[in-house]
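Just so it is clear, none of the values below were taken in a lab; they were calculated from the coordinates. Note that the structure is predicted; figures quoted are calculated from it, not measured. Here the Cβ is made from the backbone with ideal geometry for all residues, glycine too, and neighbour counts use every protein chain on show.
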Amino acid sequence: MRSSQLVSAAAIVLVSGAIAAAQIHDHLAAPSASAASTAATSPAATSPAATSPAATSADAQSAPARIGIRFAGSSFTVSGWKPPPTAPQGGWSAVFAVYASVAAAPGASPTPVTPGLPALLGSYAIEHGALVFRPRFPLAAGMQYRAVFTPPRAPAISGVFYGPPRDVTPSTRVLHIYPSAAVLPSNTLRLYIYFSAPMSRGEAAAYVHVLDAHGHVLHEVFLPGEELWDPQFTQLTLTFDPGRIKRGLTSNERMGPPIAPGARYTLVIERGWPDARGVPLVAGASKVYRGGPALRTPPDPHQWRVGAPAAGARGPVTVDFPHPMNYPLLQRMLRVTGPHGSVAGSIGIGHDETRWSFTPRRAWPAGRYQLIVDRDLEDVAGNRIDQPFDIDVFQRVTEHIVTRTLAVPFEVR
Amino acid sequence: MRRATLYRITGAVVGAAALISGAAYARISNNPLNTLATGDAHLMSAGPLAFGPDGILFVGDSIGGQVMAIDTHDRRPASAAKVDVQDINAKIAAMVGITPDQLVINDVKVNPISKNVYLSVSRGRGPDAMPLIVRVERGSDRISVLPLDDVAHAAVQLSDAPASASAADPPNGRPSSRMLTITDMVYVKGDLMVAGLSNEEWSSALRSIPFPFQRTAAQGATIQIWHSSHGRFETQAPIRTFVPYDIDGRNYVLAAYTCTPLVKIPFSELHPGARIHGTEIADLGAGNQPLDMVPYRRNGHDYILINNTSRGVMKLQADDLGAYKPISAPTITNVAGVPYQTISDLQNVRHLARLDAQDVLILTGKSSGPPWQAGPLIGPVNLQTIPLP
């Protein structure tokens, strides 16, 4: 989210017979104890100021008191004006409103209020004899806030304030793209992109492309619609259009699979992709892959090679698969149990997702162990244990879910 | 339109009823508002919306892994009125103090009682974006943001953590990366049905959650639905959007899948834990995802209006859906099955919401890039009512 911490500094716009209404331009990032003194001493008070002859004139005649708009903590305050005991007709917002807009570039004139756009939501209060407006939502980085005070029977005055400056330094990187292999089955179902920091949602389609061997952008490769992120928005799932993967479907027949056996592709991630702060990546990324034969055989744990560790040491148990498996699922769909229940340790995944290893926290006691496999574990083509991604209907589909796990025994000696 | 009648997952109800006495259950059931507690409705995100009884709004919270029921206190009956709010994203953004490009409108629904319009909105695009529920008053452009810090609400967790939650540390020390992205919700006489997409597994789980909520939905019904696709091969796939519908006096769910088949599934077969077969009655084309479905009846005929990520708005001829034979062979065309026409006048429709028998609510906005890409929205986003085509 782009919203920032509350701006805690202060500035003031003063109006009196002698001092014209000023528009103060300053990034209010540094805390300040005294609003009034800040206004008197801040360079902002002398920064580009737009006089309001009407306001000066009106105040000079009818309001010799100093009227100003101050921002401190998280509230905007009209100082030097004694509000009536009850809100005027139309509410306090009729006399005092704050308008948010994107901040102009440094040195440029403030952004004017856009006609037709409503004011910032917030609440009003009379505190210490002054009208105070508190925005309902935190002030956001890179935003401008124009506070407009329209006293009864007098011209409006306004003050311009700024949220903290936006951090525009790129720092987010692409860490990895899975599957890792250079050859992907033609029915590969999903790609995973891992980032070093949270990303923005809803931007992927503009920044991820697949190019053919000639560098042409390919169309309709991935499923459009919702972007599938993890809760931290650091892992994006891209699903190859299943209509082009499933045998017998119209698009599979018409367009072929999104990965043709033997063909060469490049997945391109553009640098401009904004992270959660709205800042582009440090660098773009790419992955070159070739199409391999389709993977239609569901994973069969009987074909996995389990390398049992030695007793009395902390060497890993390893499991080698004949085909690459789904990376994130390998992290949570395999576990080890032993004579004393679940074994604590850490998982490793390597060899282009064809090897899973597990290193225990404590040395292995000798005994019989089991690798517990969740049946929902998928290979890179979405085939599950005992269940291919698409099924020949001449095979009977199990009518009810059976046990969710199966066990592969191994012995530690 | 013939809406579906009562559908209830027997097992889940039996489980819920076992927790409390029959008399108390009946009382709570009759007064769902009494089951809501007042306080901070802690949403982590606001996605799909659905209205339940008495102006209760269900909010799908994918990041929070929950569905929140919120009392909108909006239950004064009113007739539908035109809505036309141009540039609604810029207006909401100005109210909450961000730029329009940082505002995402996730769903739009109409309160069937008051006819006021509700939007779920993200203030920001990152994981800590602030969820908002926005109301547009019927027949006006008055916009307000519902306070969520002191509101009657109830939540149900969609906790279906993997069975093999392990004692192992993940290889990179990261917390769980699994997330169920809720794609659609429908309330049908006592049950909230929830469809979603996992970012890691390919599944077709459709949840049915009795309301008032009882603990977590993990103990509720999870149904795996298979659909035959073009004869020989069949597959399991996530449902993207769905609607209850009666065909020839039988209750069905019409479900549109991520790979665009439209499938009918009999309610009678939706039992907890069941793996059942749906029948494909239309294929809406490749490179596309259906987004919303609005059934309606006009001049004695039934229709379903469907908007899509890439293939515009379709008007499906829904008379005699039972008469169409299942698609049984690959067809080398973009579309197949039940006939429909694409409404060329309706472009860039991001959301459809039922308003009344005459009008439908649309949220429109252009996206960057070509249609198949369905990129981020650019330019103004408008909310308006239009006559049903």
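With the simple model of a label 7 Å out from the Cα in the direction of the Cβ, A:Ser109 to B:Thr38 spans 5.1 nm. Sequence-ordered 3J(HN,Hα) estimates for segment A:377-386 from the Karplus curve with 6.51, -1.76 and 1.60 and θ = phi - 60° stand at 4, 10, 8, 5, 9, x, 6, 9, 3, 6 Hz, glycine and proline given as x. The residues B:Lys91, A:Lys82, when put in order of fewest to most other Cβ atoms within 10 Å, stand as A:Lys82, B:Lys91. Using 1/(1 + (r/R0)^6) with R0 = 51 angstrom and r between the beta carbons of B:Arg297 and B:Asp150, what's the FRET efficiency to the nearest 0.05? About 0.80, to the nearest 0.05. Going by a ≥ b ≥ c, the root eigenvalues of the Cα gyration tensor, does segment B:36-106 fall in the rounded group (a/c under 1.5), the prolate group (a/b larger than b/c) or the oblate group? Oblate is the answer for segment B:36-106, as a/c is 1.5 or above yet b/c matches or exceeds a/b. Were the residues from A:Ala263 through A:Ala182 laid out at 0.36 nm apart, the gain over their Cα-Cα distance would be 28.0 nm. For the listed residue pairs B:Lys315/B:Lys366; B:Lys189/B:Lys264; B:Lys115/B:Lys315; B:Lys91/B:Lys115; B:Lys91/B:Lys189; A:Lys287/B:Lys366, the alpha carbons are over 26 angstrom apart in B:Lys91/B:Lys189; A:Lys287/B:Lys366.
Here the gap between A:Val217 and A:Ala344, fully extended at 0.36 nm per residue and compared with their Cα-Cα distance, gives a gain of 41.1 nm. Legend: mean number of C-beta atoms from other chains within 10 angstrom of residue C-beta atoms, peptide A:325-336, equals 5. Taking θ as phi - 60° and the Karplus parameters 6.51, -1.76 and 1.60, the scalar couplings of segment A:333-350 work out to 10, 10, 8, 10, 10, x, x, 10, x, 5, 9, 8, x, 10, 9, x, 10, x Hz in sequence order, x denoting glycine and proline.
With a/c under 1.5 counting as rounded, go ahead and sort segment A:264-399 into rounded, prolate or oblate using the C-alpha gyration tensor (a ≥ b ≥ c being the square roots of the eigenvalues; past the cut-off, prolate if a/b is larger than b/c, else oblate). Since a/c reaches 1.5 but b/c is at least a/b, the shape of segment A:264-399 is classed as oblate. Under the simplified labelling scheme, the A:Asp386-A:Ser286 pair shows an inter-label distance of 4.5 nm, with each label point 7 Å from Cα along Cα→Cβ.
Among A:Met199, B:Met293, the ranking by other beta carbons within 10 Å of each residue's beta carbon, starting with the fewest, stands as B:Met293, A:Met199.
Inter-chain neighbour count for A:134-146: the average number of beta-carbon atoms from partner chains within 10 Å of each residue's beta-carbon is 3.
Okay, which of segment A:87-124 sit inside 16 Å, backbone N to the point 7 Å along the Cα-Cβ direction of A:Arg153? Taking a point 7 Å out along Cα→Cβ of A:Arg153, the residues of segment A:87-124 whose backbone N falls under 16 Å are A:88-89.
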